[in-house]
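Structure first, then comments.
Laboratory data are not the source of any read-out in this text; all were calculated from the coordinates shown. Not measured: the values here are computed from a predicted model. Cβ sites come from the backbone with ideal geometry, for glycine too, and all protein chains shown count toward neighbours.
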């Protein structure tokens, strides 16, 4: 028949659970795995930034060609790639200026792209490149030269 409450086995003894030590051990293992993954993927971020810089340079170059087709010349070094965003106020003023970009993009490291016309490295054209992660002109890490 019915046993008194004091003679019944405790319901808590029948339930299995995890101890605090076991939970902390699992969290420690997860932290080590996540840390290792971040360390291994960290090098891919630099590659992605270089790819973005190259893509930006190609996009700007295409807009510079469009500017040249409209105005029969590319912007001067003084006018810069800002001439793709707003009409230059310095000579030679473009004849048929149109806004070709919404804003002047910065490279993935937060610096302006270097534009020279006529070029220092490409004397028959223009220079357009990123200063790269070091941010120094003439550094081997410059991208797009």
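Here are a few things to note about the model shown:
- The label-point distance for residue 48 and residue 96, in a model that sets each label 7 Å from Cα toward Cβ, rounds to 4.1 nm.
- In terms of packing, defined here as the mean over residues of other Cβ atoms within 10 angstrom, the peptides 111-122, 62-73, 31-42 line up highest first as 111-122, 62-73, 31-42.
- Euclidean distance of C-alpha centroids, segment 84-145 and segment 46-80, integer Å: 7 Å
- Cα-based helix-to-principal-axis angle, 20-71 vs the chain, degrees rounded to 10: 20 degrees
- Among 86, 58, 95: highest mean-square fluctuation, GNM of the chain, C-alpha pairs under 10 Å: 95
- Overall form of the chain per C-alpha gyration tensor (a/c, 1.5; a/b vs b/c): prolate
- Efficiency of FRET from Cβ geometry, residue 134 and residue 31, R₀ 41 Å, rounded to 0.05: 0.80
- Springs join every pair of Cα atoms under 10 Å in this Gaussian network model of the chain, and among 92, 108, 133 the largest mean-square fluctuation is at 92.
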